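The values are calculated or read from the model by the stated rules, or taken from the named source; none is laboratory data. Predicted model only: the values in this text are computed from it and were never measured. Here the Cβ is made from the backbone with ideal geometry for all residues, glycine too, and neighbour counts use every protein chain on show.
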Amino acid sequence: MRPVIYIRYLFYGFLATMALAFAVTYIIDPYRIFLTPEISGLNEKKSRAQGEIFFNRMVGIKTVQPTTILLGNSRVQWGMSARSQLWPQALRPVYNAAIPGSNNQTAFAYLQYAIRTGNIKVAVLGLDYLSSLIKINAAADKPVILGNYGPLLSTENSMAQTVKNYFLRIASIDGLIDSFLTVFEQKNPYAPDILPNGDNPLNEYKGYATEKGYHRLFKNYLSGIKKRLGRKDRIFIQETDSSPEFEALKRLIDLAKNNNVKLYMFFHPYHSTLQDLITSVGRREEFDNWKRRILHIVQKRDNVELWDFSTRSELTSEAVPEAGDMTTRMNWYWEPGHYKNGLGEKIISNVFQNNLPYPDRPFGNKLYPK
Amino acid sequence: MIFSSYEFIFVFIPVALFGFFFLARISHVYAISWLVFCSFFFYGWWDIRYVPLISGSMLFNYLLGTILGKNTNLNFQQKKYLLIAGIAANLLLLIFFKYTNFLIENIDQLFSTSIGFIYITLPLAISFFTFQQIAYLVDAYQGKTREYSLLHYSLFVTFFPQLIAGPIVHHKEMLPQFSLDINKKIRLQNIVKGTTIFVIGFFKKAVIADGIAPYSNKIFMIAQSDVPVPFFDAWSGALAYTFQLYFDFSGYADMAIGSALLFNIRLPINFNSPYKALNISDFWRRWHITLSRFLKDYIYVPLGGNRRGNTRRYTNMMATMIIGGIWHGAGWTFLFWGFLHGAYLTIDHSWNAIVSRSPTLLAARARPLYKSVAWLITINAVIVGWVYFRAESFSSANNILSGMAGLNGLELPQGIVSRIPVLQELVMALNIPTTVGTAAEFLLSYIWIGTCLLIALLLPNSHEFTRLRWINKENANSSRPIAPVFWRINRIWAVTIGVMAALSTLALTRAGDFLYFQF
């Protein structure tokens, strides 16, 4: 064979594979970023979207054009529901832009993006003690990790960046592999998913709960949290009363105020479940200081409401099934760090509904304004 | 600029290639000048501040080499002092950039001082071009060099395919190639073969090495945080790194060899299926071959080699490997890695001495069982070494090694246990803890490791695969691959290589730097 013919066939192989990869990734749209039609059994369930959650959220916000945006980490993503019927009509549509593992700095970036690209009127932010723990020598202006999306979230003229981001997702072997896995997992009831309104139905946890029982889920999570709390991380930078997290929170509140966005913030109910552990590792005072510091921050602002669901209540003290009990289903918790939608409904109900439909009040207190 | 980047593959290489062959039709000097310019551009793309450094180093060594190589009025002793001064200058430059902070850190610890760190960015490739030029000076002193032009010498040092991470080329195998007229014409056979080897390397790096990297990174990160790493995780982390490093570095070497071949330049082979080695000496004849050659010719032999008895021989071997270890990085773990390999080599040579005196052992050596055990011991010794090489501290390396030895206990993913009844019973009987939500990752890590192992052991390496002529023939001791798959110029291979090129391009979105760039 002549070398020229060899090179020609090599190019054919190259171009055909690239074209096929582009087409598959575009049609299956594993991260819901191209917004191609969703066909049941083919690409409706987005089991791999969590892997590109930053981009997924950006496209979601732009597409849904929400009036209310939910911000925070996995506790908000899993526990709060944008599709809840309890959201007042005036606050809909709601979009769940929470990102697992994220913090106030990420929340700030996404609120900024939502304000720039849409018509946000209300933001709901879950406040989390664990994600506020930082290295005591951290810089107060430590940049937040947003993958490639930092510039895109904050810049007005970002066409080149947008094109680059789409290109990097479609011309990607991960995109191709995730496309195949997306198709493969359509019929798996326990495959993860991210819904168009940003909610995470947490199918995989339904699987774990059935397979392992709640007792084990609690045990595993607690041992992880114990390690986390055993580290030297604290809420403040050494010898200050500040941290990148508190600074980001202040910026976020100001951003909301300057754009006429009403901000609802709340301490997660899971803190109540972990109170004994927090006390046993000697962090109780620090935990209270964290709450006090946030209360202090919001007290001079008029566009904010601060709620506390972290106090002990009947709901947050739900009994955990015994070891080996694989049938008892918990109503409010997946494990101590993550509550279920049911508890999230009660938060929505308490904060946004005048007539509370639940008999088990009071759950949570309004800390500010009194 | 790195090989596995859009700008290198789709812009730099085509422009460099076109310019080279276009200018070669006009003038040989223009063509070589163009390649030198391209090489500086390639180097400066990373950090332009260090272009003067490499230029200065190059000019200094060229001048010194010319003086040492010429029949000047200098006597033997004067030349010797000049050589020592030249080597010292090169080493001081390397020590300043690479080891200053390491030295400060240790002085601070030892004498409770607080000198503090100095902000120094390690110039890319400094370890490689320093060694390459020290070899040139030594050879010039020994009268082994010819009179080379500054232009050719510049290309010898900066030629972009080998500049950043080797192979560490030798002047006698490179400079004559720059003068050959035949190399100034497009040779389609070389374009085809070079492209094929480049794509194989690209695939090794972008698809395999970067694909397996997350599994090793995760485990070494856990180990660094002092969380005890259990048995299966420790093995998956160590094995994943073993293959990540091999496919990353040998992928780089293939891309270097392939891209050089496009310009009709042959680079020496740097990897010859090292994980097929049956003893540690064999491993070092197959792994980073050009570094081994340098260490042997310019450190081990000048130290006395094996000429002064066994004790001196083993001491020399140990010293050479420790220098090799610290060359890779300024850290005690690198030094210890070198020490380990020095110890391995000492044991290996001692064992060989015993075997050579025993007819029974000599006969057993050819048997499959002996070979299997030898392979198993060798590969495990190499893996243990890689754990220290990769870990950020001794404690994290020891954590992983404890895990591999079973001292951190066992842990299995519940998702796997619950699907295998026998395993479930065993886990319950032995009270082995299980983890939630890690089954897919656990399985994938071992699938990756299994696949890499099969590729490394069964398939021919890229030189064997493409039947490329080896210019460093002393290392051409390859055995016949178990799966004799060989490349030919035909449609099937053309399309296959095209598909591999596309998959590698698709993997660029996650491509990390080459591991050897840090050395």
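Across segment B:452-469, the number of residues qualifying as more than 14 Å from chain A (Cβ to nearest Cβ), in contact (Cβ under 8 Å) with a residue 12 or more places away in the chain and part of a helix (DSSP H, G or I) comes to 10.
In segment A:1-81, counting only helices (runs of 4 or more DSSP H) that sit wholly within it, the ones holding 2 or more residues that are within 13 Å of chain B (Cβ to nearest Cβ) and modelled with pLDDT under 95 span A:3-28. Checking each residue in segment B:407-446 for being in contact with a Pro (Cβ under 9 Å, 6 or more places away or on another chain), small (G, A, S) and in a loop (DSSP other than H, G, I, E, B) picks out B:G409, B:G437. Listed by position, the helices (runs of 4 or more DSSP H) contained in segment B:313-399 that have at least 3 residues being in the same structural domain as B:Y99 (by TED's automatic domain parsing) and among the polar types (S, T, N, Q) form an empty set. Considering segment B:26-40 alone, what residues qualify as being in a helix (DSSP H, G or I) and free of Cβ contacts under 8 Å to residues at least 24 places away in the same chain? Within segment B:26-40, B:I26, B:Y30, B:W34, B:F37 qualify.
Among the residues of segment B:179-193, what is the count of those that are more than 11 Å from chain A (Cβ to nearest Cβ) and in a helix (DSSP H, G or I)? Adding up the residues that qualify gives 5.
Restrict the check to segment A:176-195 and report whether at least one residue is out of contact with any Lys or Arg (no Cβ under 7 Å at 6 or more places or on another chain), hydroxyl-bearing (S, T, Y), within 11 Å of chain B (Cβ to nearest Cβ) and within 22 Å of B:V499 (Cα to Cα). Checking segment A:176-195: not a single residue is out of contact with any Lys or Arg (no Cβ under 7 Å at 6 or more places or on another chain), hydroxyl-bearing (S, T, Y), within 11 Å of chain B (Cβ to nearest Cβ) and within 22 Å of B:V499 (Cα to Cα).
Scanning segment B:146-178 for residues that are among the small types (G, A, S) and part of a helix (DSSP H, G or I) yields one hit, B:S154.
Can you tell me which residue among A:G41, A:G13 is buried (at least 18 other Cβ atoms within 10 Å of the Cβ), over 20 Å from the mean Cα position of the chain (by Cα) and more than 30 Å from A:L315 (Cα to Cα)?
A:G13
Counting the residues of segment B:116-132 that are under 16 Å from B:F40 (Cβ atoms) and hydrophobic (A, V, I, L, M, F, W, C) gives 5.
Against the numbered list (1) buried (at least 22 other Cβ atoms within 10 Å of the Cβ); (2) more than 14 Å from every other protein chain (Cβ to nearest Cβ), B:I197 comes up short only at (2). Just one of A:T210, A:T162 is farther than 30 Å from A:V281 by Cα and more than 11 Å from every other protein chain (Cβ to nearest Cβ); which is it? Of the residues listed, the single one that is farther than 30 Å from A:V281 by Cα and more than 11 Å from every other protein chain (Cβ to nearest Cβ) is A:T162. Please verify whether segment A:199-220 includes one or more residues that are of a type in the set (V, I, T) and over 16 Å from A:G79 (Cβ atoms). Yes, because at least one residue in segment A:199-220 is of a type in the set (V, I, T) and over 16 Å from A:G79 (Cβ atoms).
Of the candidates B:G305, B:G258, the single residue that is assigned to a loop (DSSP other than H, G, I, E, B), more than 19 Å from B:F389 (Cα to Cα) and not aliphatic (A, V, I, L, M) is B:G305. If the condition is being in a loop (DSSP other than H, G, I, E, B) and without any contact (Cβ under 8 Å) to a residue 40 or more places away in the chain, then segment B:102-129 contributes B:S112, B:T113, B:S114, B:I115, B:G116, B:F117, B:I118, B:Y119, B:I120. Assuming B:Q189 fulfils every condition listed in (1) within 30 Å of B:N264 (Cα to Cα); (2) of a type in the set (S, T, N, Q); (3) touching a Gly at 6+ places or on another chain (Cβ under 8 Å) apart from one, which condition is it? Exception for B:Q189: condition (3).
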